[in-house]
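Everything on this sheet refers to the single structure shown next.
All of the numbers you see were taken from the coordinates with simple rules; none came from a lab. Because the structure is a prediction, the values reported are computed rather than measured. FYI the Cβ positions are ideal-geometry reconstructions off the backbone, even for glycines, and counts take in every protein chain you see.
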Amino acid sequence: MADTSGTPMTDAEIRQFFTLLQRWCDSELDQFANLIVPTRWGDVYADFGRERPPEHPVELYERLPADGV
């Protein structure tokens, strides 16, 4: 795979990412996953879970379309 770090994602790549993320959540995510994603600006901490933490209001989240697009 070519090194594309630092290259903005195209609209098609963002749609594919959302589709794959939804598939991963449907098929691979059990209860939760806490990931550290290394980037050129430092680590990004991503938390995925089947339950919303009670201290996080639902308004903090952006809902993806059901079909991932």
Of everything in region 27-64, what is without any contact (Cβ under 8 Å) to a residue 12 or more places away in the chain, surrounded by 10 or more Cβ atoms within 10 Å (Cβ to Cβ) and of a type in the set (A, V, I, L, M, F, W, C)? Give them in sequence order. Val44
If a residue has to be touching a residue at least 24 places away in the same chain (Cβ under 8 Å) and either part of a strand (DSSP E or B) or on the phi < 0 side of the Ramachandran plot (or both) to count, how many in region 1-19 make the cut? 4
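Could you please let me know if Asp67 is in contact with a helix residue (DSSP H, G or I) (Cβ under 8 Å, 6 or more places away or on another chain) and surrounded by fewer than 10 Cβ atoms within 10 Å (Cβ to Cβ)?
When the stated conditions are applied, Asp67 passes them.
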